[in-house]
Amino acid sequence: VLVALYEEPEKPDSALDFLKHHLGASAPENPEIEALRLEVAEMKEKYEAVLDENKKLKTKVKVY
């Protein structure tokens, strides 16, 4: 299984989930966990947008 993970062209977000899936030990996902994962993904996107905006504003401040 570790060799399969190493040879995977697109690495999964969670190596542990990959191992569980390939070993047949994956339990059904809790809907609450999936909701939290989506929320984290949304927060990461917002964070990146804020960082980008911050860079642009710093550039404008340097010009003035």
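The values are calculated or read from the model by the stated rules, or taken from the named source; none is laboratory data. All values derive from a computational prediction rather than experimental measurement. We place every Cβ from the backbone using ideal geometry, glycine too, and count neighbours over all the protein chains shown. When the accessible area is computed, the model is the full protein with side chains, heavy atoms only, and any ligands, DNA or RNA have been set aside. Shrake-Rupley method; radii C 1.70, N 1.55, O 1.52, S 1.80 Å.
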Note to self: with every protein chain in place and a 1.4 Å probe, the chain gives an accessible area per residue in Å² of 97
Once both labels are modelled 7 Å past Cα along the beta-carbon direction, what's the E10-L36 spacing in nm? 2.5
If you line up the long axis of helix 31-63 against the longest principal axis of the chain, both from Cα atoms, how many degrees apart are they, to the nearest 10? 30
Of L19, L36, N54, farthest towards positive along the dipole that unit charges on Lys, Arg, Asp, Glu beta carbons give the chain: N54
Which entry in (i) 56; (ii) 49; (iii) 32 matches percent of Cα pairs over 20 Å apart derived from the coordinates of this structure? (i)
With every protein chain kept in place and a 1.4 Å probe, the residues Y64, Y6, Y47 fall, from largest accessible area down, as Y64, Y6, Y47
Say each of V63 and V50 gets a label point 7 Å from the Cα, pointing the same way as Cα to Cβ; how far apart are those two points in nm? 2.5
Size of electric dipole in the chain: Cβ of Lys, Arg +1 and of Asp, Glu -1, about Cα centre, debye, nearest 20: 680
Output for the stretch 1-62: trypsin sites (Lys or Arg not before Pro) sitting in coil per DSSP, at most 11 other Cβ within 10 Å, listed by number, reads none
Rounded to the nearest 500, what is the 222 nm mean residue ellipticity of the chain from helices alone, with -39500 (n - 2.57) per DSSP H run of 4+ residues and division by all residues? -25000 deg cm²/dmol
